[in-house]
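Only one structure is covered here, and it is reproduced in the block below.
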Amino acid sequence: MKNMIKGSLSDYLLVEILAVILAAVLIGSVTAYISANSIYRASIIGGMVTPILGTPGYLSGQISEKPPSYYAEQYVSLRERISDLFGRLVWLRSTLISAVYAVAVIIALFPFIYRQRVSFVPLLFRERSGPVVLALKGLLLSLFFLIPLFVSSLLPLLIVSRNWLSGIRMTYILLLSSMLISLLLMLIVAVYSTYILWGRIDLALIFTLLIAFGLSGKLGFEWRTVWVYLGISASLVAFMSVSFHRRWMII
Amino acid sequence: MNWKQILALVFVVSIALSAVASAVGLSYWAPLKSSMHAKIELDSLNDLLSFSRVSHRDVIYSFDVFWPLRPGKTTVNVQIRGLQCSDKQYTLEIVTMDGRVFKNRRALTFTLDRKDPFMYFHVRVDIPSTCRVLHSKTGPVVVVDARTK
């Protein structure tokens, strides 16, 4: 493992560092942009409109006044409604999120997998091939590399829940963050497996964007989305190991 | 530097940069204003005042204010324009979101510490029958000013 990092990073160290940093900033900014917009829209949709034009009056004793606790309760229910809206509104922009995440994952992974040059079909594209065992090890390593990307997709949500929305429920933040992380995981596995299987970055790009766009519109703000993303990444890993096994048997 | 230090450095730098990007980006991209200003007209106050003089009652206006506003320490200033009271002044009463009540005659200024990206409070204006409406284009208005630092 250590030799692998050393070997695959020796030539491309600076490029890899820059790529990971750039991808982390890309993911952090797009999540922050969408969260910021969702906060604004949630607080407009979830609230009432100010009576700017005019307000009707009445004589005292005509209508019984409500106690201050009534307005405090109304504020709490307002706050809950707006917080519930936040997660839904973030996920409404899932196409933008998954497109930018896919590009960021490709940027972050490219120097690493390019240097590794582990291809299952080296003869087809005349690529120089490394030992095949490295493929699955490299996948684990690339997940390790992408911890900064996971963190940067969660940071804006943490900042929002800490400083901007006091009434937000922990389950919503948990659901949203697990959706974002499983999306990132699926994109990573898609990029890595297509590059390893076909040895071509353009195919990896097309396949990943296809998966990202195809799924993002159909999946709602619910736990099922997480299972779908996790299931797809698991099946990609399974497909990769099966083809790895076949190649191993041929040799 | 050995490879462990390099990896740690990459992690720390990328997490720090994305933290800065998300913290700055959140406040920059949320189109929340830091100040709000509104004139809320008191509809048909003249008629209600003439009724109140006959029945010896006060005229009451009550309404809610809801605004998307940047969180932070907010100063709210409420006053009425276009109304003159001779001996007994009108009363402004505001119930804020934490259930506190601010009450004052003439103008009312208070400071709130808010955590949410919106502001909500309830205003109640109590106008005694001795007041009279000044002649103006818009009629009497409640001017609400909110400013977040």
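Computed from the coordinates by the stated procedures, all read-outs in this text should not be read as laboratory data. Worth saying up front: this structure is predicted, and the values here are computed from it rather than measured. For neighbour counting, all protein chains shown are included, and Cβ atoms are generated from backbone atoms with ideal geometry for every residue, glycine included.
Taking the residues in region B:1-57 that are under 25 Å from B:GLY72 (Cα atoms), part of a helix (DSSP H, G or I) and of a type in the set (Gly, Ala, Ser) as candidates, determine which candidate is farthest from the other protein chains (Cβ to nearest Cβ).
So in region B:1-57, the residues under 25 Å from B:GLY72 (Cα atoms) come out as B:16-40.
From what is left, the residues that are part of a helix (DSSP H, G or I) are B:16-29.
Then drop every residue that is not of a type in the set (Gly, Ala, Ser), which leaves B:16, B:18-19, B:21-23, B:25, B:27.
Details: B:ALA16: 9, B:SER18: 3, B:ALA19: 5, B:ALA21: 4, B:SER22: 4, B:ALA23: 6, B:GLY25: 4, B:SER27: 8 Å.
The extreme case among them is B:ALA16.
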Name the one entry in B:LYS4, B:LYS33, B:LYS88 that is among the charged types (D, E, K, R) and under 23 Å from the mean Cα position of the chain (by Cα).
-> B:LYS33
Test B:SER55 against the criterion of being of a type in the set (Gly, Ala, Ser), without any contact (Cβ under 8 Å) to a residue 24 or more places away in the chain and loosely packed, with under 13 Cβ neighbours inside 10 Å, and give yes or no.
-> yes
If you scan region A:28-62, which residues turn out to be more than 7 Å from chain B (Cβ to nearest Cβ), in a loop (DSSP other than H, G, I, E, B) and buried (at least 18 other Cβ atoms within 10 Å of the Cβ)?
-> A:GLY46
How many residues of region B:116-140 are touching a strand residue (DSSP E or B) at 6+ places or on another chain (Cβ under 9 Å) and either closer than 17 Å to B:THR74 by Cβ or more than 9 Å from chain A (Cβ to nearest Cβ) (or both)? The answer is 16
